[in-house]
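The structure appears below as structure tokens.
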Amino acid sequence: MSTDAIVLLKNDHQEIRRVFADFEKAGENAHAAKAKLVDKMIELLTVHTYIENEVMYPRVRALLPDLEDDVLESYEEHHVADVLVTELSVMKPDDERFTAKTTVLIENVRHHMDEEEQEWFPQVRKGLGRKQLQEIGEEMQEKRKKAPRRPSQPSALKKTVDAVLA
């Protein structure tokens with residue numbers, strides 16, 4: 001298995017896209033299936049954004065200062081995804097906005113992944129050598145082992161979401 005950071009992130013993207021596609025194929029009233037798929041999305045996205053935020057983005061930012069604006073935009077896109085993931089983590093699949101909120105999450109994350117793969121990754125690969133990408137990938141794999149699998153602080157948010165949905 002490759003330890004190249006970009007290869008590892010693209011592998012994550014493929015797995016995330018599969019779960020998105022499965023959610024979109026689920027029937028309108030497939031609440032149990034949608035709940036399982038969203039739970040899987042939450043785990044995949046929580047781990048993925050964690051390793052990017054903790055390893056990939058800081059390292060690229062330090063090594064390739066010309067990509068600073070792209071890194072900052074990526075942090076903000078992750079923030080939006082984190083908010084949606086946290087909200088979904090306390091919702092029930094039959095809640096009125098569950099599918100709509102999941103759809104918005106999917107659209108935002110797809111845009112982010114496409115942008116990374118088509119624009120950002122090629123710039124990073126060009127700017128960093130193979131050895132640096134492998135070192136970053138190894139660090140990401142270590143961080144992945146201890147990465148959170150669920151968003152933090154969902155209980156406080158649950159009260160807010162319940163109030164909004166009431």
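Scan 161, 124 and give me the residue that is among the β-branched types (Val, Ile, Thr) and either modelled with pLDDT of 95 or more or loosely packed, with under 14 Cβ neighbours inside 10 Å (or both). Outline the logic, then answer.
Values: 161 fails: either modelled with pLDDT of 95 or more or loosely packed, with under 14 Cβ neighbours inside 10 Å (or both).
Every option except 124 fails the conditions.
Residue pairs, Cβ under 7 Å, 6 or more apart or interchain, first in the stretch 86-114 and under 13 Å from residue 34 (Cα atoms) and crowded, with 20+ Cβ neighbours inside 10 Å, second at pLDDT 95 or above and of a type in the set (S, T, N, Q). List them.
Final answer for the pair search is 88/102.
Mind listing just one residue for me: the one in the stretch 21-39 that is basic (Lys, Arg) and surrounded by fewer than 17 Cβ atoms within 10 Å (Cβ to Cβ) and, of those, nearest to residue 91 (Cα to Cα)? Give the steps one after another, and end with the answer.
Of the residues in the stretch 21-39, the ones basic (Lys, Arg) are 25, 34, 36.
Cutting the leftovers down to surrounded by fewer than 17 Cβ atoms within 10 Å (Cβ to Cβ) gives us 25, 36.
Numbers: 25: 20, 36: 12 Å.
Within the stretch 21-39, the match that is nearest to residue 91 (Cα to Cα) is 36.
Regarding the stretch 132-139, can at least one residue be identified that is polar (S, T, N, Q) and part of a helix (DSSP H, G or I)? Talk me through it step by step, then tell me what you get.
Going residue by residue through the stretch 132-139, those that are polar (S, T, N, Q) are 132, 134.
If we keep only those that are part of a helix (DSSP H, G or I) too, we end up with 132, 134.
Within the stretch 132-139, one or more residues are polar (S, T, N, Q) and part of a helix (DSSP H, G or I).
Within the bounds of the stretch 1-9, is there any residue that is out of contact with any helix residue (DSSP H, G or I) (no Cβ under 7 Å at 6 or more places or on another chain), under 30 Å from residue 128 (Cβ atoms), at pLDDT below 95 and of a type outside the set (S, T, N, Q)?
yes
Since residue 71 meets every condition but one in (1) at pLDDT 95 or above; (2) within 24 Å of residue 144 (Cα to Cα); (3) buried (at least 17 other Cβ atoms within 10 Å of the Cβ), which condition does it not meet?
The number of the failed condition is (1).
Across the stretch 127-138, what is the number of residues that are of a type in the set (Val, Ile, Thr) and at pLDDT below 95? Break it down stepwise before answering.
First, pick out the residues of the stretch 127-138 that are of a type in the set (Val, Ile, Thr): 136.
Now drop any that are not at pLDDT below 95, which leaves none.
Total satisfying the criteria: 0.
The values are calculated or read from the model by the stated rules, or taken from the named source; none is laboratory data. All of these numbers come straight from a predicted model, not from anything done at the bench. With ideal geometry, Cβ positions are generated from the backbone for all residues, glycine too; neighbour counts draw on all protein chains shown.
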